[in-house]
Every structure is written in C-alpha cells, then in structure tokens.
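K.L.:
Sharing a structure with you now.
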Amino acid sequence: MTGFSTVLPAGRKRRGEGHTRREEILQAAKRLFLEQGYESTTIRRIADRVGISAPALYLYFKDKDELLLALCDLTFAHLMEAVDEIEKTVSDPLERVRRFGEAYVRFGLSHPDEYRLVFMGVHIPEAIRKTGHKATTDDPTKPGVGGALVFKRLLTILGEAQASGTKLKYPTDTCGELCWMGLHGLVSAFIVKPEFPWSDRELLISGMLDIHLKGILGEN
C-alpha cells in the first residue's frame, strides 16, 4: 500500500469514467423535468438526485438548457438509428417515406417519456428557439442539432422520391413538416390519452400514414 487515498473529490469520477457520470446527470435531469417541470427543476435538485454538488455538475453541463439539448440529441440519435436501418433495407422511395413515418410513430410510442420531454414540453432552449428543425447541420456534434439532422434525412428521402418521378403537392420542406404535424398529433393523442377507447390502434397508425402520404403526393 502506498498510503494514498483512492477516494476522489466529491463529484469527480476516475479518469475514463466521466461518461458514466454524464449519463447519470442526464437521466436525473430527465426524471425531474418530467416530474416537476422544466421551470421548477433547479441545478441543485438535479445534483442532489445524482448525489453530487452543484459545482461538480457544472463540470459537465453549464445550465439546464444545455442539459435539455443533450437529452433532445440523445432522443433523436435513437430515431436516427431507425432511419439508418430504413435506408439500408428499403429501396423504393415511397416505401421509405412511409417507413420513416412509421419509425417515428413507433419510436414515440416506445419512448413516451422522452417524447413528452422533447416534443410536448413548453420550454424550447434559446439555442434552437428560432432555428428548430432548420438549424444548420454542418457540425453534427453541435448541441441541439439532432432534430435538424433527422429532418434533413426526411427531406433527402422526399427528394429522392421526387427525383424518381413522384410529384409532390408542396415544396419538400413543407411536405416534411406536414408529415411531422400529422404523425405528432397521432402520437401525442396516444400518449396523453392511453386509456381512451380508441378503435384499433394499428389501423389508426396505418390510416394516418395513408393520409399523410396521399396529402403530400400530387397527380403522376
């Protein structure tokens, strides 16, 4: 034994373990944002939930907005994985559009907490308040750019469908927004009213996908 203590200063992880603490902070922030609301949640409460000091938390995130942006990016990263799989396995452009919409719905229903926080919360971080899904994507590592990256992939898929001979009724960005608005309403209704006596959920999902495709496609 050397006599040196292996106990680290409060809030610090051993070298190489910082990602673990970062994940702990993000998960604690997510739960508190959902339980108490974004405005009522403080950095001190998040730090207490993790079991560290507020100064230690600031080593990872400078404020609540940065925490929320990181949670948004994590959510969109999962959705991006589904999009990657679609592009690898589906060749027909129109089927890709439909599968993209289905992937969005399935993700939202499988991750209701994340969906509530990212898509149904009232607070929008200043960094994306005026840019949203149209933020520049030159730097994919920039905090808060996850949503814009996913939307850009949707526009690419719509553009490919148009290049293959499919006519769109509106500009591609408008078509993309219409797709999101319709599917967002469906997912939100299922999440907010889980016990409501909906008819057949799978038929509603399929029908909504039919509706949004027919709504953006022009006459060929």
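Every number here is computed from the coordinates shown, using simple stated rules; none is lab data. Note that the structure is a prediction, hence the values are computed from the model and not measured. FYI the Cβ positions are ideal-geometry reconstructions off the backbone, even for glycines, and counts take in every protein chain you see.
K.L.:
For the stretch 67-164, calculate the relative contact order in percent as a whole number, restricting contacts to Cα pairs under 8 Å that are 6 or more residues apart.
P.N.:
Once divided by the residue count of the stretch 67-164, the mean separation gives 42 percent.
K.L.:
Given the DSSP H assignment, sum -39500 (n - 2.57) over each helix run of at least 4 residues in the chain and divide by its residue total; what's the result at 222 nm in deg cm²/dmol, nearest 500?
P.N.:
-21000 deg cm²/dmol
K.L.:
What is the sum of charges around L213, taking Lys and Arg as +1, Asp and Glu as -1, for the other residues whose C-beta is under 13 Å from the C-beta of L213?
P.N.:
With Lys, Arg at +1 and Asp, Glu at -1, the net is +2.
K.L.:
As a quick test, which of the pairs K64/K142; K62/K142; K88/K214; K130/K152; K30/K64; K134/K193 have an alpha carbon distance above 21 angstrom in this structure?
P.N.:
Checking Cα-Cα distances, K88/K214; K134/K193 exceed 21 Å.
K.L.:
If we count every other residue with Cβ under 14 angstrom of K193's Cβ, Lys/Arg +1 and Asp/Glu -1, where does the sum land?
P.N.:
Once all neighbours under 14 Å are counted, the net charge is +1.
K.L.:
Among [x] 15.8, 46; [y] 20.7, 80; [z] 16.9, 51, which is the computed Rg and Dmax of the Cα atoms in Å?
P.N.:
Of the labelled values, this structure produces [y].
K.L.:
Step through the residues of the stretch 48-59 one at a time and calculate ³J(HN,Hα) from phi using the Karplus curve (6.51 cos²θ - 1.76 cosθ + 1.60, θ = phi - 60°), rounding each to whole Hz and writing x for Gly and Pro.
P.N.:
The phi angles translate into 4, 5, 7, x, 10, 7, 4, x, 5, 5, 5, 5 Hz.
K.L.:
How high is the relative contact order of the chain, in percent, with contacts defined as C-alpha pairs under 8 Å that are six or more residues apart?
P.N.:
19
K.L.:
Long-range amide H contacts for L168: which residues qualify at under 5 Å (H placed 1.01 Å from N, peptide plane, sequence gap of 5 or more or a different chain)?
P.N.:
G218
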